[in-house]
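None of the figures in this text is laboratory data; all of them are computed from the coordinates on show. Not measured: the values here are computed from a predicted model. Backbone-built Cβ (ideal geometry, glycine too); neighbour counts: all protein chains shown.
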C-alpha cells in the first residue's frame with residue numbers, strides 16, 4: 001500500500017529528477033521555514049528600527065515580476081497552441097516525454113514554480129517597510145502554501161496539466177503587480193488607481209475557473225490521482241474563502 005501511495009503521490013517524475021530544488025525536499029522546506037520565520041519574527045525585530053523606504057527596489061522588483069509573468073504567459077501559450085488537440089492529449093503524461101515540446105512544457109512550469117519563490121519577497125518588503133497590517137494570516141498562508149503545492153505538482157506531475165492554471169494566474173499577476181508597480185510612484189499616481197477592487201474580482205473569477213477546471217479534469221483523467229485533484233479543489237476553496245472575506249471587509253463594508 002505504501003509503495004502505491006509513494007508512486008502515485010510523491011515519486012519524482014524521472015524527467016525532472018535532476019532539476020534544482022525538486023527531488024530533495026530539504027531546499028524547498030528550508031526556503032519555506034526561512035520565509036515563515038521572517039513573517040513571524042521580522043515584525044518584532046523591525047519594531048526596533050525605522051521603516052525602510054525601498055521605493056527604488058520596489059520599482060525594479062515589481063517590474064521584474066511583471067516581465068517574468070508575461071514571459072511565462074507567452075511561453076505557455078506558445079506551448080499549448082503548438083500541440084494539436086491539446087485539451088485531449090494533456091490529460092495524460094505522454095506529452096512531456098516528446099522531444100522539444102515536452103521540454104518546453106517542463107521549462108514553463110519550472111519558471112512558474114521559481115516565480116512563486118521570487119514572490120516571497122513581497123512579505124520581506126512589507127516587513128522592512130513596517131507595513132505589518134499587510135502581513136496577514138491570509139497573505140502568509142497563500143504565499144507559503146502555493147509554493148508547497150507548486151513544488152509538489154512539478155515534482156510529481158509536471159507540465160501540460162498545469163498550463164491552463166499557469167496562464168490564468170500569470171495574467172492576473174501581470175495586472176496585480178502592474179498595480180503595485182504604479183503604486184510605487186507615490187501619492188501623485190496612487191490617486192488614479194481606483195481599480196484595485198477589480199483585481200480582487202479577477203482573482204475570485206480565476207479561482208472559480210480553477211474549480212471548474214479541476215472538476216472537469218477529475219472526470220476525464222486516468223493518469224492523475226483523483227485524491228490529489230481533490231486536495232487541489234479543497235485548497236482552492238480555502239483560498240477562495242480568504243479572498244471573499246478580504247473583498248467583503250475591504251470593499252463591501254466600506255460602501256455600507
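How do the peptides 230-242, 160-172 rank, highest first, by the average count of neighbouring beta carbon atoms within 10 Å per residue?
Going by the mean number of other Cβ atoms within 10 Å, highest first, we get 160-172, 230-242.
Mean residue ellipticity at 222 nm, helices only, the chain: -23000 deg cm²/dmol; runs of at least 4 DSSP H residues each add -39,500 (n - 2.57), and the sum is divided by the number of residues.
Compute the relative contact order of segment 12-253 as a whole-number percentage, counting only Cα pairs closer than 8 Å that sit 6 or more residues apart in sequence. Spell out each step's value before the answer.
Values: 204 pairs, mean separation 67.1, N = 242.
After rounding, I find 28 percent.
Subtract the Cα-Cα distance of residue 209 and residue 149 from 0.36 nm times their separation in residues, and report this length gain in nm to one decimal.
Numbers: separation 60, 0.36 × 60 = 21.60 nm, distance 1.80 nm.
So the extension gain works out to 19.8 nm.
Using 0.36 nm times the number of residues separating residue 70 and residue 234, minus their current alpha carbon distance, what extension gain do you get? Walk me through the numbers before you get to the answer.
Numbers: separation 164, 0.36 × 164 = 59.04 nm, distance 2.83 nm.
Contour length minus the Cα-Cα distance gives 56.2 nm.
How far, in nm, would the chain grow between residue 86 and residue 14 when pulled straight, counting 0.36 nm per residue and subtracting the alpha carbon separation?
Full extension from residue 86 to residue 14 adds 23.7 nm.
Once you reduce segment 208-255 and segment 54-77 to the center of their Cα atoms, the two points are 25 Å from each other. Given the C-alpha centroids of segment 130-144 and segment 165-191, what is the distance between them in whole angstrom? First find each Cα centre; the distance between them is then 17 Å.
Expressed in units of 2.2 N^0.38 Å, where N is the residue count, the Cα radius of gyration of the chain is 1.07.
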